[in-house]
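Contents: one structure, followed by commentary.
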Amino acid sequence: MQTAFQTANHIWLAWLGYGLGLPLLGGLLLAGLSHQCKKLIVTLFGWQAQIYGGGLGVMLHELSHLLVALLFGHQIVDFQLLVPPWKLNPQAEGQALGYVVHQGKNNWWSKAGNVFIGLAPLFGGTLVLWLITHFGWPELAQFEQHLLTGATAPSTLLPTHWGRWGIWLLLTLQIAIGGFDLSPADYQNASAGVVTLLIGLYGFSWLGALLGFGGTLQQVAQQWGILALGWLGSALLVLLVVTGLLTLLNGHR
């Protein structure tokens, strides 16, 4: 029989590995690919093209920062969801496509929130991609559920409504290109709260162990992590294809 100490450690490791680790791994892969894709777009079509190609994604990116900052009690000092393309200055150092300036409080909740605020676009983008896939390409959403949970497989992967599929493709491209590219400031902000988050998560694990929810919490962590990674998969696929095409186009210039 496991002791409370062992159970708490298992819960903590499950959430580190599955609940946070898998979505973070998929999100960081997507962020790196998104960054490379934007660089190719700028090289091929000019600085402003990244706004036209991923403007909706940029707005979702900044909105994710803003909403999560509010959730963790931060004060919003200033924000702009999208800098108009005609106001972009490629010569300016650190030119941002959008920004959120926020200030936290001196408490555990606010400090731990820095991790989620910095990485918020990964989670916000994942959620929106899940929603639009269920709307625009439900066959793919059902197939992902089948792979991840063993649910009933769809009879076909071909879209039933091609108009909705077109909207799905457009929105997925916009979000994948503009929504996941994390800036150095995002990484710095996230790193500021890592220790506080880990301590808080360990306390949560102990509480779960003492209340007898060890098995449930480990199962939830595993299921959530695998599902989130699956939801990111469609965006990764689309972005891989787009980045590959842009790389070929750039090689033939």
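The values are calculated or read from the model by the stated rules, or taken from the named source; none is laboratory data. Just so you know, these numbers come straight off a predicted model, no measurement behind them. Cβ atoms come from the backbone with ideal geometry, glycine included; neighbour counts cover every protein chain shown.
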Original post:
Of all helices (runs of 4 or more DSSP H) completely enclosed by region 1-72, which ones contain at least 2 residues that are modelled with pLDDT under 90, within 22 Å of T196 (Cα to Cα) and in contact with a Ser or Thr (Cβ under 9 Å, 6 or more places away or on another chain)?
Top reply: 4-14, 22-45
**OP:** Tell me, yes or no, whether region 222-229 has at least one residue that is at pLDDT 85 or above and not in a helix (DSSP H, G or I).
**Re:** no
**OP:** Quick one: W86 ticks every box in (1) among the hydrophobic types (A, V, I, L, M, F, W, C); (2) loosely packed, with under 14 Cβ neighbours inside 10 Å; (3) at pLDDT 90 or above except a single one, so which number is it?
**Re:** (3)
Original post:
Given the conditions (1) surrounded by 13 or more Cβ atoms within 10 Å (Cβ to Cβ); (2) of a type outside the set (K, R); (3) over 21 Å from G53 (Cα atoms); (4) free of Cβ contacts under 8 Å to residues at least 40 places away in the same chain, which single one is not true for A192?
Top reply: (4)
**OP:** Go over the candidates W108, W137 one by one and state the one that is modelled with pLDDT under 90, out of contact with any Asp or Glu (no Cβ under 9 Å at 6 or more places or on another chain) and crowded, with 18+ Cβ neighbours inside 10 Å.
**Re:** W137
Original post:
Does A151 satisfy the condition of being part of a loop (DSSP other than H, G, I, E, B) and in contact (Cβ under 8 Å) with a residue 60 or more places away in the chain?
Top reply: no
Original post:
When residues of region 198-253 are filtered for being more than 27 Å from A176 (Cβ to Cβ) and surrounded by fewer than 19 Cβ atoms within 10 Å (Cβ to Cβ), how many remain?
Top reply: 17
**OP:** Restrict the check to region 106-113 and report whether at least one residue is in a helix (DSSP H, G or I), of a type outside the set (D, E, K, R), closer than 24 Å to N250 by Cβ and without any contact (Cβ under 8 Å) to a residue 60 or more places away in the chain.
**Re:** no
Original post:
What is the one condition in (1) among the aliphatic types (A, V, I, L, M); (2) in a helix (DSSP H, G or I); (3) under 23 Å from T243 (Cβ atoms); (4) modelled with pLDDT under 85 that I132 does not satisfy?
Top reply: (4)
Subject >> Condition broken by D181, with the remaining ones in (1) under 29 Å from G53 (Cα atoms); (2) modelled with pLDDT of 85 or more; (3) in a helix (DSSP H, G or I); (4) within 21 Å of the chain's Cα centre (by Cα) satisfied >> reply: (3)
